[in-house]
Structures are given as C-alpha cells and as structure tokens.
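Student: Take this structure, written in structure tokens, and hold onto it; I'll ask about it next.
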Amino acid sequence: MTQGPLTTEAGAPVADNQNSETAGVGGPVLVQDQLLLEKLAHFNRERIPERVVHARGAGAYGTFTVTADVTRYTRAAFLSEVGKQTETFLRFSTVAGNLGAADAVRDPRGFALKFYTEEGNYDLVGNNTPVFFIRDAIKFPDFIHTQKRDPYTGSQEADNVFDFWGLSPESTHQVTWLFGDRGIPASYRHMDGFGSHTYQWNNEAGEAFWVKYHFKTDQGIKNLTAEEAEILAGKDPDSHQRDLREAIERGDFPSWTVYVQVMPAAEAATYRFNPFDLTKVWPHADYPLIEFGKLELNRNPENIFAEVEQSIFSPAHFVPGIGPSPDKMLQGRLFAYGDAHRYRVGINADHLPVNRPHATEARTHSRDGYLYDGRHKGAKNYEPNSFGGPFQTDRALWQPVTVTGVTGETVTPVHAEDNDFVQAGNLYRLMSEDEKERLVKNLANAISGVTRDDIADRAINNFRQADGDFGKRLEAAVQALRG
Ligand code: HEM
C-alpha cells in the first residue's frame with residue numbers, strides 16, 4: 001500500500017478514525033458518519049462460507065521440476081522435458097475440523113496441488129493417504145455427516161462415526177490406515193501425498209495409460225502419538241500451519257520426490273483388483289513406482305484470506321494428456337468442486353490471482369456476474385463469430401473409454417481378488433508389533449466412546465474379517481475399556 005492519509009473505501013481522506021460523529025457532545029450518532037457505517041458494514045461481510053470439508057488448512061507456492069522422461073506416457077506440456085519447471089500452489093488441510101480447529105488431530109490430510117502450466121492449470125486434489133473410506137460418491141455426504149457435528153449434540157459422536165464405518169465395510173482399509181501411526185502426521189512437511197484416484201495419461205500417439213501419483217516426503221515421515229497430539233493441539237492449535245510458514249521463512253524449503261505407477265489401459269479389465277476402486281492400492285510389486293519429478297515449496301502466501309481461503313482446486317481441472325478414470329468417486333468429484341467454488345467464492349473465483357492461469361491466459365466466452373473485472377474489454381462474447389478470437393482445437397484432452405451394458409444403479413465391479421478386507425489385512429500384517437499395539441489402542445479408545453454394543457460389535461467385526469489376530473486384540477482392548 002502506498003503512503004498517505006487514511007481514506008474511506010472511495011479514497012477520501014479520513015479526519016478522525018477514533019470518534020464517531022454525534023449530534024452534539026454525547027448525543028446520538030449521525031447517519032452522515034459514512035466512515036462509521038462503511039466500517040461496520042464491511043466488517044459484517046468479512047467471512048465467506050468455509051469449505052464444507054477441509055475447512056482448516058495452510059498453503060504455499062512452489063516449483064515442480066521434471067526429473068525423468070515420461071513423454072511415452074503423457075503429452076502434457078509441463079511434463080515434456082527433463083529439467084522443465086512449473087510454478088505450483090499447494091494447500092494442505094485436515095478434513096473434519098472447522099476453520100479454527102486444531103491441526104494436530106487424527107484425520108486424513110488434504111494435499112491439493114495446482115500446477116500453473118502453459119496449457120492451463122492442472123489441479124491434483126489428493127490426500128496423504130493412497131485410499132479412501134468409500135468407493136461411490138453417492139455415499140460422500142452421508143459419510144461426512146458422520147465425521148462432522150451431530151445435529152442434536154453439536155459435537156462429533158463416536159456412535160455416528162463407527163456406525164457408518166461398521167455398516168460400510170469398504171472403509172476398513174482406510175480406517176486401519178488412519179488409526180495407525182500415520183494417522184497424525186507431525187507436520188505437513190513430514191507426510192507423503194497421493195493423487196489417490198486412478199487418472200488417465202495419454203501420449204502423442206493416442207495411447208492411454210492408467211496412473212496413480214505418489215509424492216514421497218524428502219523430510220522423512222514423522223508422526224505424533226495420540227498422547228503427543230493431544231498436548232500439541234491444546235498448546236498450539238496452529239502447529240502445522242506455523243511449522244510450514246516458518247520452515248519456508250528460514251529457507252528450509254520442504255520437498256517431495258514424485259512418482260507415478262503406470263498401468264497400460266488394456267490391463268485394467270483383468271487386473272486382480274478393480275483399478276478404479278478408491279479403497280484399493282496397486283501393490284508396488286504389480287506396478288512399480290516410476291520417479292519423474294521433484295516438488296519444492298519455497299514461497300509463503302502474503303495474504304491468507306486472498307490466497308488460501310479463496311484458493312480453489314478442482315479434480316476437473318485437467319490439461320491435454322491427462323484425464324479422468326471411470327472411478328465412481330472421482331466422477332462425483334468432477335461435479336462437486338466447481339459447484340462448491342461457485343457457491344463459496346463466486347462465479348468469478350477462477351479470475352482471482354491465486355486461481356487464474358499464470359503461464360497462459362483463460363480465453364472463454366463466459367462473461368459478467370458478481371465482481372467481473374472487465375478483462376475481456378470489447379471482445380465478442382459468442383462463438384462462432386466473424387471477428388476472430390478464441391477457437392476450439394478439435395483435440396480432446398484425454399482418450400475415449402469403451403463402455404458396454406445398460407444404464408442402472410450399478411455396484412462397482414469386483415475383480416478376482418477384490419473384497420472389502422484383503423488389503424486392510426495386508427496392511428495390518430505389514431506393521432511391526434509396536435505399531436500393531438498402538439493401532440489397537442487408538443482404535444479401542446475411539447470405539448470405547450460408542451454407546452451401543454451392536455454398533456461397537458459391528459465395527460470390530462470388520463477388523464476381525466481383515467485379520468483374525470487384529471479382531472481378537474481389538475475386541476479384548478475394547479472390552480477392557482468398556483468394562
Ligand atoms: C465423492 C467424494 C468427494 C466429494 C463429493 C468431495 C467434495 C469436496 C468439496 C465440496 C470440497 C470443498 C471444496 C471447496 O469449497 O473449495 C472438498 C475439498 C477437498 N477434498 Fe474432497 N470430496 C470427495 C472426496 C475426496 C477425496 C477422495 C479426496 C482425496 C483423495 C479429497 C480431497 C479433498 C481436498 C484435498 C480438499 C481441499 C481442497 C482445498 O484445499 O481447497 N476429497 N471436497
């Protein structure tokens with residue numbers, strides 16, 4: 001801001017910012033004190049609706065660098081050359097807490113990454129977990145209702161949380177992950193990120209591949225125990241946000257090594273797990289991690305509201321060479337985010353500095369609406385036209401997918417080794433004895449808050465089906481706590 005006298009919003013100098021204008025000394029306040037009215041009115045409108053999920057978060061700008069050639073898999077321009085760099089913005093978050101909630105809690109962490117590419121912004125809106133609780137978007141609002149505040153008590157209720165999970169056995173894998181050591185990262189810097197869904201890459205020759213993204217932290221994985229987190233959340237609710245900002249301020253730039261798993265499109269139909277089921281990983285033995293990039297965060301936002309609260313990310317923001325998969329969760333998300341942005345930030349949210357393309361410009365025939373800035377000046381606002389202006393390319397961003405059958409409310413197809421428990425059991429059996437103990441203790445503490453036996457029993461039964469030993473130990477631990 002330039003130097004000079006304080007002004008009103010209209011730029012007129014302010015004579016007195018301490019005393020409102022009254023009718024006589026000690027008399028009532030006058031409507032002609034427009035500075036007072038303007039200040040009170042603006043203050044009333046400072047908030048926008050917080051995100052319906054992932055409300056609590058922190059963000060930073062950075063640089064993505066290509067470190068290996070992946071042009072045989074994708075024609076995305078920002079991945080076209082080893083050494084090529086692209087500006088990014090990454091917003092980390094928790095899921096269930098409101099805007100002012102504490103950072104050090106057991107919850108998945110959001111890992112929402114915007115690449116400002118020369119072909120438009122590419123958003124990868126992932127989490128710090130490779131899987132999710134459910135596999136169909138139609139269940140998402142119900143699921144989130146159980147994670148948020150109960151309509152009667154106004155608090156998160158163990159009854160609701162474990163009722164839903166117990167009745168949704170596909171959640172067993174993600175819940176096992178969440179109550180294990182990685183369920184409470186020590187900071188945003190000390191955790192991995194995942195695209196989680198399967199996406200499509202396609203190359204110049206028109207070949208399609210199914211891919212999964214992995215961002216492995218170069219800081220090393222560091223977690224908090226439940227006890228450490230309880231103390232930190234109370235002492236410093238902003239712990240993760242502060243840690244990120246301070247690390248960048250002192251030049252200790254956090255980074256992640258970026259990998260992709262690649263499945264040739266033709267292998268999807270016969271793969272042992274449904275590759276579009278978000279509750280499943282692709283074991284690395286089946287599809288190894290291919291390293292192709294480095295992500296570094298190196299610049300803090302200057303204004304949290306403008307750049308973090310108003311930042312928008314959409315899984316529907318693709319660029320040429322990258323597209324969606326038929327994952328039913330992803331398909332729901334392709335709608336949900338743009339809709340949320342139009343409600344939460346407004347129809348011109350994409351025009352804000354943090355959201356608009358930085359390496360190209362948006363050229364659309366959409367116009368006007370709240371807070372339109374007139375950027376198109378006098379250009380024609382329709383197409384086709386005889387006056388020049390933006391035109392279609394006739395080349396789709398992604399390759400078409402073959403489908404067969406009739407329409408209907410279909411259950412996600414099951415492949416040879418698919419069931420709701422197999423990968424949860426594998427995850428449990430991979431854990432060290434110490435980690436298994438902490439997992440059982442964390443889960444038992446949470447389940448012991450459930451008030452109904454049938455709800456607790458059903459929840460425990462899912463873990464029993466994942467692994468007999470897991471179920472037995474959990475049942476004993478819950479019994480010991482519930483008496
Ligand atoms: C069908 C399932 C889902 C639906 C309908 C859904 C919907 C939403 C909505 C409406 C928001 C708020 C967006 C905003 O106000 O700007 C959001 C935020 C977010 N979601 Fe989802 N979500 C789903 C599943 C997932 C999954 C599976 C992941 C990760 C793999 C994920 C990651 C995120 C992240 C990281 C954010 C925060 C983005 C930011 O920082 O602005 N969501 N989600």
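Rule-based calculations on the coordinates, nothing more; no lab input. On a predicted model such as this, the values are computed, not experimentally measured, just so you know. Counting neighbours? That spans all protein chains shown, and the Cβs are built from the backbone with ideal geometry, glycine included.
Student: Can you compute the FRET efficiency between Ala23 and Glu46 using 1/(1 + (r/R0)^6), with r the Cβ-Cβ distance and R0 = 30 Å? Round to the nearest 0.05. Write down the numbers at each step before the final one.
Tutor: Numbers: r = 30 Å, r/R0 = 0.98.
Taking R0 as 30 Å, the efficiency between Ala23 and Glu46 is 0.50.
Student: Would you give the gap between the C-alpha center of the range 201-245 and the C-alpha center of the range 55-88, rounded to a whole Å?
Tutor: 17 Å
Student: Cα gyration tensor of the range 294-347, axes a ≥ b ≥ c as square roots of the eigenvalues: rounded (a/c below 1.5), prolate (a/b > b/c) or oblate? Present the calculation step by step, with values, prior to reporting the outcome.
Tutor: Details: a/c = 2.84, a/b = 1.34, b/c = 2.12.
The shape class here is oblate.
Student: Sticking with this structure for a sec: Kindly provide the helix-only [θ] at 222 nm of the chain, computed as the sum of -39,500 (n - 2.57) over DSSP H runs of four or more divided by all residues, to the nearest 500 deg cm²/dmol? Intermediate results must be reported in sequence, preceding the final value.
Tutor: On the way: 11 runs with 127 residues, N = 483.
After summing the helix terms and dividing by the residues of the chain, the value is -8000 deg cm²/dmol.
Student: Determine, for Met263, Met191, the number of other Cβ atoms within 10 Å of each Cβ, and report the residues in order from fewest to most. Each step should come with its number before you reach the end.
Tutor: Working: Met263 17, Met191 26.
Sorted ascending by nearby Cβ count, the order is Met263, Met191.
Student: Then there is this: When only Cα pairs under 8 Å and 6 or more residues apart are kept, what is the percent relative contact order across the range 342-387?
Tutor: 32 percent
Student: Going by how many other Cβ atoms sit within 10 Å of their own, how do Leu90, Leu430 line up, fewest first? Mind dumping the intermediate values first?
Tutor: On the way: Leu90 28, Leu430 10.
Least crowded to most crowded, the residues run Leu430, Leu90.
Student: Taking square-rooted eigenvalues a ≥ b ≥ c of the alpha carbon gyration tensor, is the range 245-303 rounded, prolate or oblate, where a/c under 1.5 means rounded and, failing that, a/b exceeding b/c means prolate? Walk me through the numbers on the way to the answer.
Tutor: Numbers: a/c = 3.87, a/b = 2.88, b/c = 1.34.
In terms of gyration-tensor shape, prolate.
Student: Express in whole angstrom the spacing between the alpha-carbon centres of the range 121-151 and the range 254-279.
Tutor: Measuring centre to centre over Cα atoms gives 19 Å.
Student: Which shape class applies to the chain: rounded if a/c is under 1.5, otherwise prolate when a/b exceeds b/c and oblate if not, where a ≥ b ≥ c are the square roots of the Cα gyration tensor eigenvalues? Before the final figure, lay out each step's value.
Tutor: On the way: a/c = 1.88, a/b = 1.23, b/c = 1.53.
Verdict is oblate for the chain.
Student: Related question: What FRET efficiency comes out for the pair Arg299/Thr393, r = Cβ-Cβ distance, R0 = 45 Å, nearest 0.05? Display every interim value, and only then the final one.
Tutor: On the way: r = 33 Å, r/R0 = 0.72.
Computed FRET efficiency for Arg299 and Thr393: 0.85.
Student: Here's another thing I want to ask about it. How much length, in nm to one decimal, is gained on full extension between Asn98 and Lys380, taken as 0.36 nm per residue of separation minus their Cα-Cα distance?
Tutor: Here the segment from Asn98 to Lys380 would lengthen by 97.2 nm.
Student: Relative contact order for the chain: what percent, with Cα pairs under 8 Å and sequence separation of 6 or more?
Tutor: 19 percent
Student: Here is a further query. Cβ under 15 Å from Arg75's Cβ, Arg75 left aside: what net charge do those residues give with Lys, Arg +1 and Asp, Glu -1? Could you put the intermediate results ahead of the total?
Tutor: Values: positive: Arg72, Lys84, Arg395; negative: Asp69, Glu81, Glu118, Glu119, Glu204, Glu207.
Overall, the nearby charge balance is -3.
Student: Right, here's the next one. Run through the range 415-444 and list the GluC sites (Glu not before Pro) located in a DSSP loop whose Cβ has at most 13 other Cβ atoms within 10 Å. Before the final figure, lay out the partial values.
Tutor: Values: sites: Glu417, Glu433, Glu435, Glu437; in loops: Glu417.
Hits after loop and neighbour filter: Glu417.
Student: Please rank Phe143, Phe89, fewest neighbouring Cβ atoms within 10 Å first, as an exposure proxy.
Tutor: On the way: Phe143 18, Phe89 25.
Ascending number of Cβ neighbours within 10 Å: Phe143, Phe89.
Student: Still on this structure: Students often get this wrong, so check it: of Lys222/Lys441; Lys328/Lys472; Lys114/Lys441; Lys148/Lys472; Lys84/Lys114; Lys235/Lys472, which have C-alpha atoms separated by over 28 Å? Intermediate values should be presented prior to the final figure.
Tutor: Details: Lys222/Lys441 19 Å; Lys328/Lys472 34 Å; Lys114/Lys441 37 Å; Lys148/Lys472 30 Å; Lys84/Lys114 16 Å; Lys235/Lys472 36 Å.
In this structure, Lys328/Lys472; Lys114/Lys441; Lys148/Lys472; Lys235/Lys472 lie more than 28 Å apart at Cα.
Student: Given Cα pairs under 8 Å that are at least 6 residues apart, what percent is the relative contact order of the range 305-386? Intermediate results must be reported in sequence, preceding the final value.
Tutor: Values: 50 pairs, mean separation 21.7, N = 82.
Across the range 305-386, relative contact order equals 26 percent.
Student: Between Thr404 and Lys222, what is 0.36 nm times their sequence separation minus the Cα-Cα distance? Round to one decimal in nm. Present the calculation step by step, with values, prior to reporting the outcome.
Tutor: Numbers: separation 182, 0.36 × 182 = 65.52 nm, distance 4.61 nm.
Gain on extension, Thr404 to Lys222, equals 60.9 nm.
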